[in-house]
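Below is one structure, written out as structure tokens; comments come after it.
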2 protein chains.
Amino acid sequence: MIPDEGLRVAVIGGGAGGMATASRIKRLKPEWVVDVFERTNYVSHAPCGIPFYLSGLVESIDDLCAYDVNYFRERRGVNVHVNSEVIEIRDGELDVYEKGERKTYEWDRLVFATGSRGKGLDIGCESLEGVVCLGNIDEAPAVKETAGRYDRIVVVGSGYIGVEIADALSREKKITVIEQGNHPLPSYDPEIAEVLMRFMSRKVNLRINEHVVEIEGKDRVEKVITDRGEYEADLVIVAVGVMPNVELAREFGIKTGKTGAIKVNEFLETSREGVYAVGDCAETRNIITGKPDWIPLAAPANKMGYVAGSNIAGNEMVFPGALRCQLTSFYDMEIGKAGLSEREALKAGFDAVSVTITSRSRASYIPGGGNITVKMVADSESRRVLGIQAIGAGVAKRIYASAALLYKEACVEDFFFTDFPFYPPKSPVWDPLVISARNMFRKLDIS
Amino acid sequence: MIPDEGLRVAVIGGGAGGMATASRIKRLKPEWVVDVFERTNYVSHAPCGIPFYLSGLVESIDDLCAYDVNYFRERRGVNVHVNSEVIEIRDGELDVYEKGERKTYEWDRLVFATGSRGKGLDIGCESLEGVVCLGNIDEAPAVKETAGRYDRIVVVGSGYIGVEIADALSREKKITVIEQGNHPLPSYDPEIAEVLMRFMSRKVNLRINEHVVEIEGKDRVEKVITDRGEYEADLVIVAVGVMPNVELAREFGIKTGKTGAIKVNEFLETSREGVYAVGDCAETRNIITGKPDWIPLAAPANKMGYVAGSNIAGNEMVFPGALRCQLTSFYDMEIGKAGLSEREALKAGFDAVSVTITSRSRASYIPGGGNITVKMVADSESRRVLGIQAIGAGVAKRIYASAALLYKEACVEDFFFTDFPFYPPKSPVWDPLVISARNMFRKLDIS
């Protein structure tokens, strides 16, 4: 039993997960000392806001941070160290470069909240001026400035971030998007992604099934060369996915899992007692498969921080996992997903079946309402719903409801019988989720 | 065992519930004869659309019907009899006034789908010209015409329909709304309803705590007299609630429940074998209390039709009940509820506690996003969430998610851990439902 008076907690990383952990500990144990070491000058940030800064919707990069450093220092009593990079960890202490000086801090409990970073293209072009990997909030101002100055912009990758950047910049610029898969949003099934693809092709030069093989330029980037063509470019934004920042943890002997992220138990404790990991650097449980997964998203990161903070402070709490639930949009088209795609479900070993429907998002007599296309994936044996994907109008409320039902391990009948409200300007009397379930009844020969 | 070849089913009432029943039977048993007797000239209608017809958003009353008579006759093979009033039911047959003629039809299975009607004020004024009870779709054109011609309009009652009519007509007219309770939307708790009240008072002359005692006029209505004032009026719309149409069923010896609506079992069969009831005329199970309740709403009515139709056709199916889930709006303010208010929960015997929070509906850095106020009601012993009410911006998705979680009998922890998507233009990283749950943790001393 370690005495819990005056314990000292070190949190490495001041993003969503790290600050949530620190705040939670200070709420439960105001007398403890909590140090947060953040490499950049920003805390409580999430890269999800970057596209809205690039589009001009959000004016200042500081606005993207939910709270500023002073809020955490003064209102929550957290010792926030910005521009502070942890360089070595030993039992009970760690070394930091803090504003250029090397310092040593002690710790009784340690939290890795080191986040993730954008993957590169592995073709040795990242150092060329005008080629950026948009994972870090502190690079965003320079990208915005460059995007404003030049005209020919190439986005490599069309996951969420790629799609959102294309949306943000294509209003005023000619954008080329290069995707190596056969549709944008690789985590979606074709029935949904192809609806986006048709619309997206009208707004950007969308190149699918193309691999970038080289990025050329003398002083700065000049062109992107793929296996099928060449594209002149003044700015190349690489958005081909992210990877967890686990190097520091590994050096300290912390185990990583199959996903490459830090392995944690249900209390978010790592392979070393008293050492926790939260947010993008850590694994979590996928609620649908029940297996370890890596789900680097801000909403679960915050809740992981809450749970790890509770556990560190002695209030035992289990983190149940996440659904990889997401929403995005491209112009007026909303897109969302909760749980698994059919491809992911089959890969995870489910006997997956699916239905795809298109219906009105609200009462047919209300003018202006658009369509929504919904794909439901279910396990044919247990009838459990494994995932919902949707695109069109009114997607957010269906993904919210799907997140709730999937979290509760709902079956097809639950999707049919959930008493969704009918309100003509917002929803039709037979909700698209209910219609999907009804069609799944037929497919599964229920009733 | 009754032979099921060539059975004849009579459905009394062609609203949402009746047409859903008839359609379901014909899908499962195309060879059966299904007669639907509808008093008006419209089928598949729901009065929920009337406010949007009055506001001019929906141009024609015909548009309010999801499908027209010919669709059901030709595409679904249902014998639809419009302008047909059932006047007497005997074992195996019934008499109908069909377009002025008395006719007799046989039945092997009978379905009551007789709906509900607007309650009157019980002050003997309903026959005065210019005083209308807006429950029936066929009265709507005359009301719209009158509203267009006159200026002084009084709406009595401020439930959903009263609020929606006030919204529809107050854009161009001076509207007085008279409510006998101490806030609009009597089924809501004050923390939510008073937010609406403050806003509504700017758009209409809202009179609370006033009882209508008399409505005066010579040839037509001239003024409404309450216990606290007098209001000149050219048109009075009475929207003080609805009551189930059960007279015909009672005459045939069918039992009604404590709520006054027709008693049914989980298969939606009434007290007589082979006789079913669906929609607004029937009771259902309240999913929160587990007890019989009367929930006259279009979405459950349709599902009741689906279930009763399945059972009549021999595919056994249980109707699990409803949540009285609703959405509405007044100008830009969305309002919604799923499950019980605190008052309703206490009345139902729960040891109810509540939290009310106000937060941003989306990421704070996205300009223009509004606030949402959420009230969560939970049972302090079981931690089960009993109801969610919300008002402001982004209400629909939270009510959708709440409907899903309440349907699955979720507890406070489930509201906290459901993996709602974070998407800055639509939702903040800590969703208002999650914040509500977190505050409820403190109240219930969890973690």
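Points worth noting:
- Per-copy distances of the B:Asp95 label point, shortest first, in nm (7 angstrom along Cα→Cβ): 10.2
- In the full protein context, region A:194-241 carries 53 Å² of accessible surface per residue, based on a 1.4 Å probe and ignoring ligands, DNA and RNA.
- For the protein assembly as shown, adding -39500 (n - 2.57) for each run of n ≥ 4 DSSP H residues and dividing by the number of residues yields -7000 deg cm²/dmol at 222 nm.
- Charge tally in the Cβ shell below 10 Å around A:Ser361, where Lys, Arg are +1 and Asp, Glu are -1, A:Ser361 excluded: +3
- Note on B:Phe199 and B:Arg149: the model spin-label points, each 7 Å out from Cα along the C-beta direction, lie 3.5 nm apart.
- Each Lys or Arg adds one and each Asp or Glu takes one away; over the other residues whose Cβ falls under 10 Å from the Cβ of A:Met19, this sums to +1.
- Phi-derived couplings, Karplus 6.51 cos²θ - 1.76 cosθ + 1.60 at θ = phi - 60°, listed residue by residue for region A:103-109: 10, 10, 10, 8, 8, 9, 9 Hz, with x used for Gly and Pro.
- Placing unit charges on the Cβ atoms only, positive for Lys and Arg and negative for Asp and Glu, gives region B:144-185 a dipole magnitude near 180 debye about its Cα centre.
- Whole-number accessible area per residue in Å² for region B:60-160, which is evaluated in the context of all protein chains at 1.4 Å: 49 Å²
- Rel. contact order, % - alpha carbon contacts under 8 angstrom, at least six apart, chain A: 13 percent
- Pairwise FRET efficiency - B:Arg117 versus B:Glu232, Cβ, R0 = 30 Å, nearest 0.05: 0.60
- Taken as Cα centroids, region A:1-62 and region B:388-447 sit 23 Å apart, rounded to the nearest whole angstrom.
- Shielding of peptide A:424-436 by partners, expressed as the average count of other chain Cβ atoms within 10 Å per residue Cβ, is 5.
- Of B:Lys375/B:Lys397; B:Lys263/B:Lys291; A:Lys397/B:Lys337; A:Lys144/A:Lys218; B:Lys144/B:Lys303, those spanning more than 19 Å from alpha-carbon to alpha-carbon: A:Lys144/A:Lys218; B:Lys144/B:Lys303
- Take each residue of peptide B:355-363, count the partner chain Cβ atoms within 10 Å of its Cβ, and average: the result is 1.
- Computed from protein heavy atoms with a 1.4 Å probe, the total accessible area buried between B and A is close to 6100 Å².
- For a label point 7 Å along the Cα-to-beta-carbon line of B:Lys174, residues of region B:214-235 with backbone N under 16 Å: B:222-224, B:230-235
- Each Lys and Arg contributes +1 and each Asp and Glu -1, all at the Cβ; summed about the Cα centre of region A:1-60, the dipole is approximately 100 debye.
- Exam field: B:Gly370 pseudo-label spacings to other copies (7 Å along Cα-Cβ), nanometres: 2.1
- Neighbour-limited loop hits for GluC sites (Glu not before Pro), region A:205-312 (at most 10 other Cβ within 10 Å; DSSP other than H, G, I, E, B): A:Glu273
- For region A:249-275 versus region A:94-150, the spacing of their alpha-carbon centroids is 22 Å.
- Among the trypsin sites (Lys or Arg not before Pro) in region A:216-296, those placed in a DSSP loop whose Cβ has at most 14 other Cβ atoms within 10 Å are A:Lys218, A:Arg228, A:Lys255, A:Lys258, A:Arg272.
- Unit charges on C-beta of K, R, D, E only; dipole of region B:318-447, Debye: 260 debye
- Net +/- balance of residues flanking A:Ala299 in space, Cβ distance below 11 Å, scoring K and R +1, D and E -1: 0
- Residue of B:Gly13, B:Gly124, B:Gly260 that the Gaussian network model of chain B assigns the largest fluctuation, springs spanning Cα pairs under 10 Å: B:Gly124
- Trypsin sites (Lys or Arg not before Pro) lying in DSSP loop within region B:148-192, provided at most 15 other Cβ fall within 10 Å: B:Arg171
- Relative contact order of region B:192-268, pairs being alpha-carbon contacts under 8 Å that are 6 or more residues apart, as %: 14 percent
- At least 20 Å along the helix axis (C-alpha) and Kyte average at least 0.0, DSSP helices within chain B: B:298-312
- For the set B:Val264, A:Val80, solvent exposure ranked by accessible area (probe 1.4 Å, protein chains only) runs largest to smallest as B:Val264, A:Val80.
- Candidates A:Ile25, A:Ile153, A:Ile123, ranked by Gaussian network fluctuation over chain A, Cα under 10 Å, top entry: A:Ile123
- Share of carbon and sulfur in the accessible area of region B:140-225 stands at 46%, probe radius 1.4 Å.
- Projecting label points 7 angstrom from Cα along Cα→Cβ for A:Asp63 and B:Tyr67 puts them 4.9 nm apart.
- In this rough spin-label picture, where each label sits 7 Å from Cα along the Cβ direction, the B:Phe267-B:Arg75 distance is 3.1 nm.
- Across the options B:Ser341, B:Val353, B:Gly368, the greatest Cα extent toward the positive end of the charge dipole of region B:338-385 (unit charges at beta carbon of Lys, Arg, Asp, Glu) belongs to B:Gly368.
- The contact residues of region A:45-78, meaning those that lose at least 50 Å² of 1.4 Å-probe accessible area when all protein chains sit together rather than their chain alone, are A:Phe52, A:Leu57.
The values are calculated or read from the model by the stated rules, or taken from the named source; none is laboratory data. The structure displayed is predicted, hence computed values, not measured ones. No Cβ is skipped: glycine too gets one built from the backbone with ideal geometry, and neighbour counts run over all protein chains shown. With ligands, DNA and RNA removed, areas are computed over all heavy atoms of the protein, side chains included. Shrake-Rupley method; radii C 1.70, N 1.55, O 1.52, S 1.80 Å.
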